[in-house]
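This report concerns only the one structure given below.
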Amino acid sequence: MSDGSIPLEFTRWLNVLSDLRYDPASGVAPHKPLLLLVVCDLAEEGKLAGALLRRDGDLAFRFSSYWRIVAERRRTRPEAKLPFFHLRTEGVWTPLEADGRPAQDRGRAVLAQLDASFWLCLNDAAFRALARRTLIARYFEPSERAELYSLAGLEVPHEDIATADATRFLGSEESQSKRDAKFSVRVLPAYNYTCVLTRYRMMAEDGTTSVDAAHIHQFSQGGSNHPTNGIALSKTAHWLFDHGFWSIAADLRIIVAESRFEEVGEEAYLLKKMAGRELLRPHNDHFLPAPECLAWHRRHHKLDG
């Protein structure tokens, strides 16, 4: 997504995709997530006209093609009719018989009427990318992910990013301290414990550091703990950022709200002197700040212009 925060409907359905039901006795079954990856492909190709999904040869072929990636751990036959029928429990669609009546058993389910909201989300490329990343990271083993990312047309992310993708849209009951610890341990090393604004780095022998893992889209305002919603900032830079005295442009250059404050001090440390300077980038581009998070911060603090 290039602008704005993630729409609420996206978040709602991504939460559903993050919490698919399966029989815990048999482990994490790949049937539902694989079929949903197929549905993303069909939506991308414009083959879901009228929000109607057909259980035909094309769908079966695509499902079998994805299935071969998990065949080593699932020795059963790749039958698309199983998840086609049972995905009704997730609310994404209603399975139908050939005459359009609701199907009561999987053998007779040959059509599926997609939920209108889910269908609209599927028609958005940004949603499909998030859905694919969520499904692959959450339900598949590391040895399977690379090929799935390739089939989905996605770059293979850094392991920390994949780990975060797996639970990004999942409701969490973790304590704030645990969430903050996970967020920090992903964000700070990505920037080598260096403030992205001042480029100052300090690491004590006991492991404490002078920089914070700062949320771009504030967590209290609906932002996530995904590492692409975080940057490393010194305490002062963090306070200034959270209060809207500076922000970050789409090209990662510093925007300073120069009319909002006065300052004195050593010239090298003045915030106004940093306007236009490029933000320090993480060591791996997979950790670059998400454009939608940066856009939220600019909009929230009225620094779009």
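The values are calculated or read from the model by the stated rules, or taken from the named source; none is laboratory data. What you see is a predicted model, and the numbers here were worked out from it, not measured in a lab. Ideal geometry is used to build each Cβ from the backbone, glycine not excepted, and the neighbour counts take in all protein chains shown.
Computed quantities for the displayed model
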item: Subset of the stretch 126-150 [hydrophobic (A, V, I, L, M, F, W, C) and within 19 Å of Leu53 (Cβ to Cβ)]; result: Phe127, Ala131, Leu135
item: Filtered residues of the stretch 104-121 (kept if outside any strand (DSSP E or B) and surrounded by 20 or more Cβ atoms within 10 Å (Cβ to Cβ)); result: Ala109, Phe118, Cys121
item: Matching residues, the stretch 252-275, being charged (D, E, K, R) and either over 18 Å from Pro289 (Cβ atoms) or assigned to a loop (DSSP other than H, G, I, E, B) (or both); result: Glu258, Arg260, Glu262, Glu263, Glu266, Glu267, Lys272, Lys273
item: Residues of the stretch 187-237 classified as small (Gly, Ala, Ser) and over 23 Å from Ala295 (Cα atoms), total; result: 3
item: Selected residue [β-branched (Val, Ile, Thr) and touching a residue at least 60 places away in the same chain (Cβ under 8 Å)] from Val196, Val211; result: Val196
item: Failed item in (1) in contact with an Asp or Glu (Cβ under 8 Å, 6 or more places away or on another chain); (2) modelled with pLDDT of 90 or more, with Leu170 passing the rest; result: (2)
item: Matching residues in the stretch 107-141 - criterion: being of a type in the set (D, E, K, R) and farther than 24 Å from Ser18 by Cβ; result: Arg108
item: Of the criteria (1) modelled with pLDDT under 90; (2) in a loop (DSSP other than H, G, I, E, B), which one His286 fails; result: (2)
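Each row is one residue, and each column tells you yes or no for (1) touching a Leu at 6+ places or on another chain (Cβ under 7 Å); (2) aromatic (Phe, Trp, Tyr); (3) in contact (Cβ under 8 Å) with a residue 40 or more places away in the chain.
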| position | (1), (2), (3) |
| --- | --- |
| Thr236 | no, no, no |
| Ser247 | yes, no, yes |
| Asp251 | no, no, no |
| Val256 | yes, no, no |
| Glu267 | no, no, no |
| Arg277 | no, no, no |
| Leu294 | no, no, yes |
| His300 | no, no, yes |
